[in-house]
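**Student:** I have a structure here, written as structure tokens, and I will follow up with some questions on it.
The values are calculated or read from the model by the stated rules, or taken from the named source; none is laboratory data. Quick caveat, the model's predicted, so the values are computed rather than measured. Because the Cβ atoms are built from the backbone with ideal geometry, glycine has one as well, and the counts that use them run over all protein chains shown. Note: areas computed on protein heavy atoms with side chains; ligands, DNA, RNA excluded. Shrake-Rupley method; radii C 1.70, N 1.55, O 1.52, S 1.80 Å.
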Amino acid sequence: GYLVGSIPLAARIEQAAGADAVRAPIASPGRGRLAKQGAADAWRLAGPGWGLLALTGDLAKGLLPVAIGIVTWSWWAGWAAGLRALLGTAWPLFGRLPGGSGLVTLAGVAIALSPVAGLGAMFLAAVALGVARLLGSSGRTVTMATGFGSYPLLFLLDQADLVRLAGIGVLYLVAAVRATGTRH
């Protein structure tokens, strides 16, 4: 999981598209930090098609190790692989780039740990994004709050396991620590 999480997919996709964000990072609007080579940066620098490819890759960095762990061993082995993928995304082993917030990788982990809750939360987040855009807002904060806020409730409805939900809480904590640590 850690090795997969450490792969800088979005940066490589930007390079393949001809966007040179590694040598000329851009400031993310309103966040006061340099770009971390994520899917949103790939979208801005290389266009929507490349951005969707980077988004899919970052989701897969969380989803695949978890799915392999669950199928091969157990839910908790999948959880451990997801934690490692999240750590690899946030604090990567490869490359000279700083790690990203890992929120998209966390979404991939969440989908693999509970497909019903993960896909339900993504659907609610997409609805929130659509409403925010209709109201003239970028919707980033409300979309993340809706998606990550609805997941624990949907998880309990799907699995009804408080111990596993506590494990999800640990993943949220890692992502929150990293997300607050990426601001300069």
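**Student:** Taking 25 Å as R0, compute the FRET efficiency from the Cβ-Cβ separation of W91 and L64 and round it to 0.05.
**Tutor:** In this case the efficiency is close to 0.85.
**Student:** If DNA, RNA and ligands are ignored and the probe is 1.4 Å, what is the ranking of D158, D58 by accessible area, most exposed first?
**Tutor:** D158, D58
**Student:** Quick check of the Kirkwood formula: for the chain, what is the inverse mean of 1/r over all pairs of different Cα atoms, in Å?
**Tutor:** Mean inverse Cα-Cα distance, inverted, gives 16.5 Å.
**Student:** Exposed loop sites here are chymotrypsin sites (Phe, Trp or Tyr not before Pro) in DSSP loop states with at most 13 other C-beta atoms within 10 Å. What is the longest stretch of the chain lacking them?
**Tutor:** Result, exposed sites excluded: 95-184.
**Student:** For the chain, modelled as a Gaussian network with Cα springs under 10 Å, which listed residue fluctuates most, V66, V142, V104?
**Tutor:** For the chain, modelled as a Gaussian network with Cα springs under 10 Å, the answer is V142.
**Student:** Let me ask another. At 222 nm, what value in deg cm²/dmol follows for the chain if DSSP H runs of at least 4 each add -39500 (n - 2.57) and the sum is divided by all its residues, to the nearest 500?
**Tutor:** -24000 deg cm²/dmol
**Student:** If you don't mind, another one. Specify the angular offset, from 0 to 90 degrees and rounded to the nearest 10, of the alpha carbon long axis of helix 115-134 from the longest principal axis of the alpha carbons in the chain.
**Tutor:** Roughly 40 degrees between the two axes.
**Student:** Could you tell me the accessible area of R44 in Å² (1.4 Å probe, neighbours in place), rounded to the nearest ten?
**Tutor:** 110
**Student:** Here's a follow-up. On a 0 to 90° scale, report how tilted helix 48-72 is relative to the longest principal axis of the chain, with both axes built from alpha carbons and the result rounded to the nearest 10.
**Tutor:** With both axes taken from Cα atoms, the answer is about 30 degrees.
**Student:** For a label point 7 angstrom out from the Cα of L157 toward its Cβ, which stretches of segment 109-151 have the backbone nitrogen within less than 13 Å?
**Tutor:** Counting only backbone N, you get 116-125, 150-151.
**Student:** Using heavy-atom solvent-accessible surface (probe 1.4 Å) with all chains present, what is the largest-first order of M122, M144?
**Tutor:** M122, M144
**Student:** Right, here's the next one. Pick from T143, T56, T72: which is most flexible by mean-square fluctuation in a GNM of the chain where alpha carbon atoms under 10 Å apart are linked?
**Tutor:** Looking only at T143, T56, T72, the largest GNM fluctuation is found for T72.
**Student:** Given a 1.4 angstrom probe, I'd like the percentage of the accessible area of the chain that is carbon and sulfur, rounded to a whole number.
**Tutor:** 72
**Student:** Now a separate question. For helix 162-181, what angle does its Cα long axis make with the longest principal axis of the chain, in degrees from 0 to 90 and rounded to 10?
**Tutor:** With rounding to tens, the tilt is 20 degrees.
**Student:** Using a 1.4 angstrom probe with every protein chain in place, what is the largest-first accessible-area order of T180, T89?
**Tutor:** Largest accessible area first, the residues go T180, T89.
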